[in-house]
Amino acid sequence: MLVAITILIANTLLVILKYWVGLQLSSVAIMAEAWHGLSDSLTTIIVLVGFKMASKPADKEHPFGHGRMEVISSLIIALVLFLVVFNFFVEATNRLIQRQSVQYTQTALIIFIISLAVKELMAQVSIRVGRKIKSDSLISDGWHHRSDAFASLIVVVGIFLNPYFWWIDGVMGIIISLIIAKIAIDILRDTISRLIGEKPEESFIRELEKIVRENTFKDVKLHHVHLHKYGNHRELTLHIVLPKDMKLDKAHQIATDLEKIINTEMSVDTTIHVESEEAK
């Protein structure tokens, strides 16, 4: 929450500066970049709302909590980006058709150099904190900031090249639009994949197998490993195969102990189904 609020304030100030310069120069590239920055602010607000809703505890209607509200937040971020892309791709194309050029100022150069540094800092903080707390929407927001930093770099390069090429503003507007589109597609693809459900990563399976072996038997078999993600809350189900002559109470105790150990070491609520060698 603190990271998102701090970034929101800093980003809003950058948007105001960029849009003011864009209006003064009538630059489609700078105004596109300003709207890109504004979409950053909007998506950060969405992240904040997603955090608030995702933090709601489980209830009767939602026994696994509200963690997937963060995934929905990422989906909204992607849709906002697509809207920005469409508007400025059309505007930049019209600028080229009409052969309109722009004269940049030193003020614009300074503002975009500052923007480049600040936006990359925002991206670093958002992505690192997002990975630390396993927040999909905060990571998505961080990549959005990084795309903005890259777009600012393009504008800086374009300002230096502008005296030699009349079409530089329109071309930069198209390039920035395509950058935003790429980020939006990546976020949308990842979000849809999480909503549909993904198989556990190989590193997760290896760690799980190691825990099971160390706390049961070296040759114990496990299968039907299913991991369900609800934001920070995760539910794991798996089957383990135990010797056919093992007593029921001992098998139950092994499964119960394993559930507790996995929950402690991997931060995932676990349910284990026990099978005998004959049943398998």
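Helix 202-215 against the longest principal axis of the chain: what's the angle in degrees, Cα atoms only, rounded to the nearest 10?
In the chain, helix 202-215 runs at an angle near 30 degrees to the longest axis.
With each label point set 7 Å from Cα along the Cα-Cβ vector, what nm distance links Arg128 and Arg206?
Result for the modelled spin labels: 2.6 nm.
Can you sort Ile5, Ile176, Ile168 by how many other beta carbons sit within 10 Å, fewest first?
On the way: Ile5 12, Ile176 30, Ile168 22.
Arranged by neighbour count, lowest to highest, Ile5, Ile176, Ile168 become Ile5, Ile168, Ile176.
Please give the Cα centre distance for the stretch 237-251 versus the stretch 107-150, rounded to the nearest Å.
50 Å
Which lysines, if any, have their Cα less than 16 Å from the Cα of Lys250, not counting same-chain residues under 8 positions apart?
Cα-Cα hits under 16 Å: Lys260.
Take the Cα coordinates of the stretch 2-196, assign each an equal point scatterer, and use the Debye formula without solvent to give log10 I(q)/I(0) at q = 0.09, 0.12, 0.17 Å⁻¹.
With one equal scatterer per Cα and no solvent, log10 I(q)/I(0) is -0.34, -0.57, -1.02.
Report the gain in length on full extension from Arg194 to Leu121: 0.36 nm times residue separation, minus Cα-Cα distance, nm rounded to one decimal. The partial results should precede the final answer.
Working: separation 73, 0.36 × 73 = 26.28 nm, distance 2.72 nm.
Separation in residues times 0.36 nm, less the Cα-Cα distance, equals 23.6 nm.
Helix 168-196 versus the longest principal axis of the chain: what is the Cα-based angle in degrees, 0 to 90, to the nearest 10?
Rounded to the nearest ten degrees, it is 10.
Say each of Arg213 and Lys244 gets a label point 7 Å from the Cα, pointing the same way as Cα to Cβ; how far apart are those two points in nm?
Placing both labels 7 Å along Cα→Cβ, they lie 2.6 nm apart.
Hey, what angle do you get for helix 28-54 against the long axis of the chain, alpha-carbon based, 0 to 90 degrees rounded to 10?
It is inclined by approximately 30 degrees.
What does the helix-only formula give at 222 nm for the chain: each DSSP H stretch with n ≥ 4 adding -39500 (n - 2.57), the total divided by the residues, and the result rounded to the nearest 500 deg cm²/dmol?
Estimated from H runs of four or more residues: -24500 deg cm²/dmol.
What lysines sit close enough to Lys182 to cross-link, taking a C-alpha to C-alpha distance under 29 Å and skipping anything fewer than 8 places away on the same chain?
Lys18, Lys52, Lys119, Lys132, Lys134, Lys199, Lys229
Every read-out reported here was derived from the displayed coordinates using simple, explicitly stated rules and does not represent laboratory data. Treat the numbers as computed from the prediction; the structure is a model and nothing was measured. Backbone-built Cβ (ideal geometry, glycine too); neighbour counts: all protein chains shown.
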